[in-house]
Every structure is written in C-alpha cells, then in structure tokens.
2 protein chains.
Amino acid sequence: MRVLAGAWTAHVIWYLRGGERCFTELQLDIGRVSAKILTNCLRKLEREGIIARSRKSTSPPTVWYCLTPAGQELCGALVNLVDVAQRLKRSQIEIS
Amino acid sequence: MRVLAGAWTAHVIWYLRGGERCFTELQLDIGRVSAKILTNCLRKLEREGIIARSRKSTSPPTVWYCLTPAGQELCGALVNLVDVAQRLKRSQIEIS
DNA sequence: CCGTATCCGTTTGGATACTG
DNA sequence: CAGTATCCAAACGGATACGG
C-alpha cells in the first residue's frame, strides 16, 4: 500500500499496462495531473523498481517509461482489484 | 483506490478478514492509531458498504465491525495484492 | 467502551513560471 | 519535450480533552 500511495500512482501503473508510454502521453492519459506530481510519482516508482525509465536522445528528446517485470506482477494484482471494485460498484448501483 | 485511500484503511480491512472485531480490538491490532483516525476510517468504510457496524447494548456497550459481502470480495483482492507485494519484496531482498 | 471536538503540525497536490 | 522551483491551499493524521 505504501508503494501505491498517492493520488496518481495507480493511474501511472494502469496506463503503463499496455506498454511503453512517454511523459506527455502519460500526462494526457491521466488528465489534469501537473507535471510536478507526475514526475514525483514516476521517480518514486522508479526507485521502487516498479517502472523503468529510458531517455532517447532524439530531437527533441523524449523519455519512455515502462513496467519492469516486478511492475507487471503488481499491475496484475491491481487489475484484479479494479475488476472486483467495478463489479461491486455495479452491484451497488443496481440496489440504489 | 479512492476507497482504499488513507493510511489505515487497508489495515482495518486486513484485520477484519478473520471475522468480527470490536473497536478496541481493532485499535490494538493496528497499533498506534488514534481513536479519531480509526473512527474516520470505520465511518468511511461503512458509508461505502465495505464494513457493517453493530452496537451491542451490553454494559459497557461494545460495537462490533465485520466485512460485508462486498467487503469480503474487496478483501480477497487485497489479500492477493499483498501476496504479490510480499513475493516481490522477497525477490528484491535476494538481489540486494 | 466508544466515540466527538478542537488544535496543530506535516504532507500532499495544484498553479505558475522557468530551464536545458 | 521533460522536467525543476516556488508558493499556496487543502487534506491528513496525531494529541489531548471531553461526552454519552
């Protein structure tokens, strides 16, 4: 839970589950997240070995992020959690 | 993730997975959590339909909490997540 | 026993401007 | 493009005192 803490951490992992994304793509995917927060998030996940960062020296330079094997395992559990959560949410809507 | 937000929310679900617990038991289980925070946490989870609250009019009165069916499903996903996380943690320790 | 109320410090995240 | 720096507001969480 400590790894997943923060309002946007799960989103980052979520949008990386399809493969590599660059900084701006992630920012657009998530929507309404400031560069500062996204950077914090990415640095934290990088330190924890969940994502990998690779700088391509093109012009203009882009930086790509992807899940490490560890990140993919974590993502699997996260997907499972989201799945359960959405199912429960649907049930609650039906009741109300 | 919104449901699981907060430093102690996951702990509450975690310690309720074995069955009913009263307020004080939960406080001892988790350790070093103030009554205020625990109450916040319990109220939030109650509103979200994850746990159920039942007041027994004994003397002194005690209040019992348990997971709802929805809470149990969520707990299952959480257990799975914890399982993955611990496996990853062990791997990292072996590498370092 | 099970909370609620209040105060207060810390952390978090957003807005904005700026750099290589 | 991909950040970094600064400032600021809101949320979070701990301590303590008190109430039903």
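Since every read-out is calculated from the coordinates, none of them should be taken as a lab result. Predicted model only: the values in this text are computed from it and were never measured. Note: ideal-geometry Cβ built from the backbone for every residue, glycine included; neighbour counts use all protein chains shown.
Which condition breaks for B:I50 when tested against (1) out of contact with any Ser or Thr (no Cβ under 9 Å at 6 or more places or on another chain); (2) within 13 Å of chain A (Cβ to nearest Cβ)?
The failed condition is (1).
If the requirement is being exposed (fewer than 14 other Cβ atoms within 10 Å of the Cβ), more than 10 Å from every other protein chain (Cβ to nearest Cβ) and more than 11 Å from the chain's Cα centre (by Cα), which of these qualifies: A:R2, A:R90?
Matching residue, one of A:R2, A:R90: A:R90.
May I ask you to verify whether A:A70 is under 21 Å from B:V3 (Cβ atoms), surrounded by 11 or more Cβ atoms within 10 Å (Cβ to Cβ) and among the small types (G, A, S)?
Answer is no for this residue.
Do we have any residue at all in the range A:7-30 that's within 14 Å of chain B (Cβ to nearest Cβ), more than 11 Å from the chain's Cα centre (by Cα), under 29 Å from B:L78 (Cβ atoms) and more than 10 Å from DNA strand C (Cβ to nearest atom)?
Within the range A:7-30 (the criterion being within 14 Å of chain B (Cβ to nearest Cβ), more than 11 Å from the chain's Cα centre (by Cα), under 29 Å from B:L78 (Cβ atoms) and more than 10 Å from DNA strand C (Cβ to nearest atom)), the answer is no, since none of the residues qualifies.
Taking the residues in the range B:31-47 that are more than 8 Å from DNA strand D (Cβ to nearest atom) and within 14 Å of chain A (Cβ to nearest Cβ) as candidates, determine which candidate is surrounded by the most Cβ atoms within 10 Å (Cβ to Cβ).
Per the criteria, the residue is B:L45.
Quick check on my filter: what residues within the range A:1-38 are touching a residue at least 40 places away in the same chain (Cβ under 8 Å) and among the small types (G, A, S)?
A:A10, A:G19 - these are the residues of the range A:1-38 that are touching a residue at least 40 places away in the same chain (Cβ under 8 Å) and among the small types (G, A, S).
Go through the residues of the range A:58-65 one by one and say whether even a single one is within 12 Å of DNA strand D (Cβ to nearest atom), free of Cβ contacts under 8 Å to residues at least 60 places away in the same chain, in contact with a helix residue (DSSP H, G or I) (Cβ under 8 Å, 6 or more places away or on another chain) and closer than 22 Å to A:R2 by Cβ.
Yes: the range A:58-65 contains one or more residues that are within 12 Å of DNA strand D (Cβ to nearest atom), free of Cβ contacts under 8 Å to residues at least 60 places away in the same chain, in contact with a helix residue (DSSP H, G or I) (Cβ under 8 Å, 6 or more places away or on another chain) and closer than 22 Å to A:R2 by Cβ.
Any idea which of (1) out of contact with any Cys (no Cβ under 7 Å at 6 or more places or on another chain); (2) of a type in the set (A, V, I, L, M); (3) within 16 Å of DNA strand D (Cβ to nearest atom); (4) closer than 30 Å to B:E94 by Cβ is the one A:L81 doesn't satisfy?
Exception for A:L81: condition (3).
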